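Here, each number is a calculation from the coordinates, and none is a lab measurement. What you see is a predicted model; the values in this text were computed from it and never measured. Note that each Cβ is placed from the backbone with ideal geometry, even for glycine, and that neighbours are counted across all protein chains shown.
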Amino acid sequence: MENWVYSIAAAVVGLGLLIVFHEFGHFLLAKLSGVGVLTFSVGFGPKLWVIKKGETEYALSAFPLGGYVKMVGEDPDEEVPQSQIEKSFAHKSLLKRIAIVVAGPGFNLLLAVLLLMVVYTFYGVPVMSTQVSGVEKGSPAASSKAITSLPSMAAKSRSGRIFRSKSRRAAAKRSAFKFAAGRKPLM
């Protein structure tokens, strides 16, 4: 029972962090572009915690499965006061508006790259091995006469050379084919 509770809690926390990073992308680019940010909220529903710094209200809401950044002039139906037109999202250039909108998904992509770098740094890159470690007893492979020695499952050419890499195995097959076809092998 505790496994699925742990899994659900981990998913909610992970999704919450992803949302915070996404919304922070919108928030950061809006601030850098000179757009006034009225609210930066993590979650939706009733606000549990609110702090106001400058013109921005930072909020933590009851349900952490969402979030939003409310900017000055973001709503097209909203009338923007003359004093805030220079901070209005709608009155910024098209390039700045595109950058603000794309910043959220861009930060998600950046987070994915950073997490992959951390995982690969501490755990390494997974590599599949081509070496057979064993044969199940009672399987057709165990009763076959073709398998004589498990550690030396590498490909062999007609001259008896053992090739361990995939490309050399392919070269050995090509060499054997040319030899069988009456041409001199390359290897």
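Listed values, structure above:
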item	result
Amide N of segment 34-71 lying under 20 Å from the label point, which is placed 7 angstrom from the Cα of V12 along Cα→Cβ	41-50, 59-68
Span from the segment 12-37 Cα centroid across to the segment 86-127 one, whole angstrom	10
DSSP bridge pairs, segment 2-123: antiparallel proportion in percent, nearest 5	75
Phi-based couplings in Hz for segment 127-141 (Karplus 6.51, -1.76, 1.60; Gly and Pro marked x)	10, 7, 9, 9, 7, 7, 8, x, 10, 5, 5, x, 7, x, 5
Long pairs among K31/K53; K47/K92; K53/K96; K47/K70; K31/K87, criterion Cα-Cα beyond 18 Å	K47/K92; K53/K96
